[in-house]
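Each remark here refers to the structure printed beneath this line.
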Amino acid sequence: MDKEFIEKMKESLLTMKRELLAQLMENNADFKQIVDGMESKDVIDIAADDIDRKQIVALGSKTVNKLKLIDNALIRIEQGKYGICMKCGKHIPPARLEAIPYAVLCIECKASDERHIR
């Protein structure tokens, strides 16, 4: 995968993360209070910090799960493992990553998992 594409995906993930954090702050006074209580840290780093996770989970587990997926994708970028299926080890097609930048499975493995769930 070329560096330009990975950099584009990193920016997309960071934008998604900013938007989710802003949404949490806008819709939840408790989360906003946590963010306001942080010293001069960047808002993007707050979800990754060891702030009161239980309180954040109570605010919206679906949003928090998405933030975790985004954080994990950013870690995979730093480790040079972004875009590699965590199940079969094949490259995840760029079109899938553009649709779901935090995807961890290729289309075939995701479809297989969904068939097993049914």
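Taking segment 65-118, which residues are of a type in the set (Ser, Thr, Tyr) and free of Cβ contacts under 8 Å to residues at least 40 places away in the same chain?
Scanning segment 65-118 gives a single hit, Ser112.
Would you pick out the residues in segment 59-78 that are open to solvent by less than 40 Å² (accessible area, probe 1.4 Å), over 8 Å from the mean Cα position of the chain (by Cα) and either of a type outside the set (Gly, Ala, Ser) or at pLDDT 90 or above (or both)?
Listed by number, the residues that qualify are Leu59, Thr63, Val64, Arg76, Ile77.
Among residues belonging to segment 79-110 that are part of a loop (DSSP other than H, G, I, E, B) and of a type in the set (Val, Ile, Thr), point out the one that is surrounded by the most Cβ atoms within 10 Å (Cβ to Cβ).
Within segment 79-110, the match that is surrounded by the most Cβ atoms within 10 Å (Cβ to Cβ) is Ile92.
The values are calculated or read from the model by the stated rules, or taken from the named source; none is laboratory data. Bear in mind the structure is a predicted one, so any value in this text is a computation, not a measurement. Ideal geometry is used to build each Cβ from the backbone, glycine not excepted, and the neighbour counts take in all protein chains shown. Keep in mind that these areas ignore ligands, DNA and RNA; they rest on the heavy atoms of the full protein, side chains included. Shrake-Rupley method; radii C 1.70, N 1.55, O 1.52, S 1.80 Å.
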